[in-house]
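Asker: Sharing a structure with you now.
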Amino acid sequence: MSNSEAHKNPSATHGPITSPGKSPDEIDHAIEEEHAHDHHGGTMQYMAVFVALCFLTTMSFLTYSSYWPWRDEPQVGWAFMMAVSCTKALLVVLFFMHVLWEANWKYVLTIPAAMMAIFLTIMLVPDIGLRNRMVSQERALHMARGSDVLLLEKAADADSSGEVDKHEHE
């Protein structure tokens, strides 16, 4: 049976009819054109993402250098490094894992997972924050307290000033 006879009588061809009036070659050509336009960025885009990742890594490294303006406030550095880490992870997932070019089903997967992560965090914060409220007496004897930190700081100051040597020789 010739190709023209198959188009006149679709039941004579094998397999399902995907598009009436188009031959399989025309369909393949249309798919190839569609994929040609969907090129997932280019080399320059990947290089830009790579440079951004290098810059962000340098910024997180600088939080431990003398150039960091908030050296006396470690919480600021931790928050900054967490934001930089999340940004780097987002860039890697979007560009190098090609999630940016995926269909909209990606939201079906990510939104419930994000909601569950937020929910678990909110549920566990009180548990972690109140973990020292009810402990056994034996455990309470070995727990670190704020007053212990003050005693350790005083001992370190006394050690550096040489007061410990005076007490040892008496």
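The values are calculated or read from the model by the stated rules, or taken from the named source; none is laboratory data. Computed from a predicted structure; not experimentally measured. Note that we place each Cβ from the backbone using ideal geometry, even for glycine, and neighbour counts take in every protein chain shown.
Asker: Since Phe80 meets every condition but one in (1) modelled with pLDDT of 75 or more; (2) out of contact with any Ser or Thr (no Cβ under 7 Å at 6 or more places or on another chain); (3) surrounded by 10 or more Cβ atoms within 10 Å (Cβ to Cβ), which condition does it not meet?
Answerer: Phe80 satisfies all of (1) modelled with pLDDT of 75 or more; (2) out of contact with any Ser or Thr (no Cβ under 7 Å at 6 or more places or on another chain); (3) surrounded by 10 or more Cβ atoms within 10 Å (Cβ to Cβ) except (2).
Asker: If you don't mind, another one. Report, ordered by the first and then the second residue, all pairs with beta carbons closer than 9 Å, sequence separation of six or more or different chains, a first member in the stretch 48-69 that is touching a residue at least 40 places away in the same chain (Cβ under 8 Å), and a second member that is outside any helix (DSSP H, G or I) and of a type outside the set (Lys, Arg).
Answerer: Matching pairs, first to second residue: Val49/Gly41.
Asker: Specify the residue that is modelled with the lowest pLDDT; the eligible residues are those in the stretch 99-154 that are of a type in the set (S, T, N, Q) and under 30 Å from Cys86 (Cα atoms). Walk me through it before giving the result.
Answerer: In the first step, residues of the stretch 99-154 are kept if they are of a type in the set (S, T, N, Q); the result is 104, 110, 121, 132, 136-137, 147.
Still in the running and under 30 Å from Cys86 (Cα atoms): 104, 110, 121.
Details: Asn104: 80, Thr110: 83, Thr121: 88.
Going through the qualifying residues, I end up with Asn104.
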